[in-house]
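Structure, as structure tokens:
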Amino acid sequence: MSKADKNYDSDKSESEDEQQNGRVSNKGRKHDDNEGYTWEGEYQRSWDIVQEDAEGSLIGVIAGLINAGKRKRLLRDTTPLRRGIIRHMVLVLDLSSAMEERDFHHKRFELQIKYAVEFVMEYFEQNPISQLSIIGVKDGIAQRVSDLHGNPQSHIQKLKSLRDYSGNFSLQNALEMARASLSHIASHGTREVLIIFGSIFSSDPGDIFRTIDALVSDQIRVRIVGLAAEVAICREICDRTNSSSTNAYGVVLSEQHFRELLLESTIPPATDSSKTADSSLVMMGFPSKVVEQSPSLCTCHSLPSRGGFHCPRCKAKVCTLPIECPSCKLVLILSTHLARSYHHLFPLKNWIDLPWSAKPTSSHCFACQVPFPKASEASDQEQTASSMRFECPSCKLHFCIDCDIFAHEQLHECFGCQCSGN
């Protein structure tokens, strides 16, 4: 027998003696009969939540859990606030070697690109008159992926072309480049930075606290989505640049949570009236689409095209909207872009989930005419359970969960209020 085997046998015999003598360490053991192990403190088994209904079926219970998840994403603060609907954001991607880890089903890098594409699409859907820029950080150097503009297809094309990731991440270099990109923004537009941070350290060339002071003086808001663990410097950056917000920094728990944290930034932030200038008019141009007989160069990309838009002030040609005219700096948008940004200022109120105790009498959804569960089917259920009817507090009409989601996420208007003219 080798020496290592002898040591293993001696350690095993010592542990057996400790168990026989009752001298086992309390580390990792139950504190009492009613408590679990220390590593099970916040662990919850999902199969303990699902229970059969009165008929012994799981279909209704599973449907209820799915609907509860949908409602959780919908319930948000609907208080009308002053928000900056003309937004200017810089998205910072972590292209360091830390993105090679497989914490999720895919690599961090693959998941980052996938959700970044979804974020760009949702960002311009919710903020059509806003602009976005993308920065990637690898080998401690911040590199510009796309410039600040309002064309989502161009951003998505640049995101999908990213392949390499290496070296360390640098928070200071990323923030300095983002600050330089937002330095020329007028006071009526917001200045925001969204960082996907996959590392647990930052390789900075200088004093990052001076960079934080500069961000605060320039009124630049920074939000960070962490993929590994909470980092103290990230918490300080978010706390100092977001004085009125407590959820600017979040650490990912799952793939779905990663997506939710990113999409939270698509809602315009509330503005502090004490720190902003007085209200003033912003001049904008509403050009009409033109189709030319022969192609000509656009002033925004210097590419030949037959179609485009002519600036009403200087007659310069641009190919996409919204955009700032490269010639006279006039903001060019369509009237539909302005209308789509309006719902952030006056959001649709959350609808009330009616329990069976309210004794609802409606039999079908007012919008899609889907039949509701009958009261007889819920006779054995608790009176506080949901009746799957959602009532608008203004028109008092009842809707299903799918119409609730469509009205709050897409239409931003109530079907019943629009029909009644309220």
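Looking at region 114-126, which of its residues are within 24 Å of His301 (Cβ to Cβ) and either part of a strand (DSSP E or B) or touching a helix residue (DSSP H, G or I) at 6+ places or on another chain (Cβ under 7 Å) (or both)? Answer for region 114-126, where residues must be within 24 Å of His301 (Cβ to Cβ) and either part of a strand (DSSP E or B) or touching a helix residue (DSSP H, G or I) at 6+ places or on another chain (Cβ under 7 Å) (or both): Ala116, Val117, Phe119, Val120, Met121, Tyr123, Phe124. For region 235-260, which residues satisfy the criterion of being touching a residue at least 40 places away in the same chain (Cβ under 8 Å), in a helix (DSSP H, G or I) and surrounded by fewer than 21 Cβ atoms within 10 Å (Cβ to Cβ)? Glu255, Arg259, Glu260, listed by residue number.
Each row is one residue, and each column tells you yes or no for (1) of a type in the set (Lys, Arg); (2) open to solvent by 60 Å² or more (accessible area, probe 1.4 Å); (3) modelled with pLDDT under 90.
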residue: Thr276; (1), (2), (3): no, no, yes
residue: Met283; (1), (2), (3): no, yes, yes
residue: Phe286; (1), (2), (3): no, yes, no
residue: Pro295; (1), (2), (3): no, yes, no
residue: Arg313; (1), (2), (3): yes, yes, no
residue: Cys319; (1), (2), (3): no, no, yes
residue: Pro326; (1), (2), (3): no, no, yes
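Across region 127-148, the qualifying residues are those that are among the aliphatic types (A, V, I, L, M) and outside any loop (DSSP other than H, G, I, E, B), and the one among them that is surrounded by the most Cβ atoms within 10 Å (Cβ to Cβ) is Val137.
Looking across region 214-234 at every residue that is closer than 15 Å to Ile200 by Cα and part of a helix (DSSP H, G or I), the one that is nearest to the chain's Cα centre (by Cα) is identified as Cys234.
On inspection, Gln157 passes the criterion of being free of Cβ contacts under 8 Å to residues at least 40 places away in the same chain and open to solvent by 60 Å² or more (accessible area, probe 1.4 Å). Scanning region 297-311 for residues that are of a type in the set (Val, Ile, Thr) and either surrounded by 20 or more Cβ atoms within 10 Å (Cβ to Cβ) or in contact with a helix residue (DSSP H, G or I) (Cβ under 7 Å, 6 or more places away or on another chain) (or both) yields a total of 0. Pairs linking a residue in region 284-297 that is over 18 Å from Leu321 (Cα atoms) and without any contact (Cβ under 8 Å) to a residue 24 or more places away in the chain to a residue that is of a type outside the set (S, T, N, Q) and in a strand (DSSP E or B), with Cβ atoms under 6 Å and 6 or more positions apart or on different chains, are Pro295/Pro304; Pro295/Arg306. Does any residue of region 280-295 turn out to be out of contact with any Cys (no Cβ under 9 Å at 6 or more places or on another chain), acidic (Asp, Glu) and in a strand (DSSP E or B)? Taking every residue of region 280-295 in turn, at least one turns out to be out of contact with any Cys (no Cβ under 9 Å at 6 or more places or on another chain), acidic (Asp, Glu) and in a strand (DSSP E or B).
Just one of the listed residues (Ile135, Ile85, Ile185, Ile129) is hydrophobic (A, V, I, L, M, F, W, C), modelled with pLDDT of 95 or more and under 30 Å from Thr299 (Cα atoms), namely Ile135. Residues that are charged (D, E, K, R) and assigned to a loop (DSSP other than H, G, I, E, B) within region 149-201 comprise Arg163, Asp164, listed in sequence order.
Within the bounds of region 91-113, is there any residue that is open to solvent by less than 40 Å² (accessible area, probe 1.4 Å), within 28 Å of Tyr342 (Cα to Cα), in contact with a strand residue (DSSP E or B) (Cβ under 9 Å, 6 or more places away or on another chain) and of a type in the set (Gly, Ala, Ser)? The answer is no, given that none of the residues of region 91-113 is open to solvent by less than 40 Å² (accessible area, probe 1.4 Å), within 28 Å of Tyr342 (Cα to Cα), in contact with a strand residue (DSSP E or B) (Cβ under 9 Å, 6 or more places away or on another chain) and of a type in the set (Gly, Ala, Ser).
The values are calculated or read from the model by the stated rules, or taken from the named source; none is laboratory data. These numbers come from a predicted model, not from an experiment. Positions of Cβ are backbone-derived with ideal geometry, glycine not excepted, and every protein chain shown enters the neighbour counts. Surface accessibility is based on the protein's heavy atoms, side chains included, excluding ligands, DNA and RNA. Shrake-Rupley method; radii C 1.70, N 1.55, O 1.52, S 1.80 Å.
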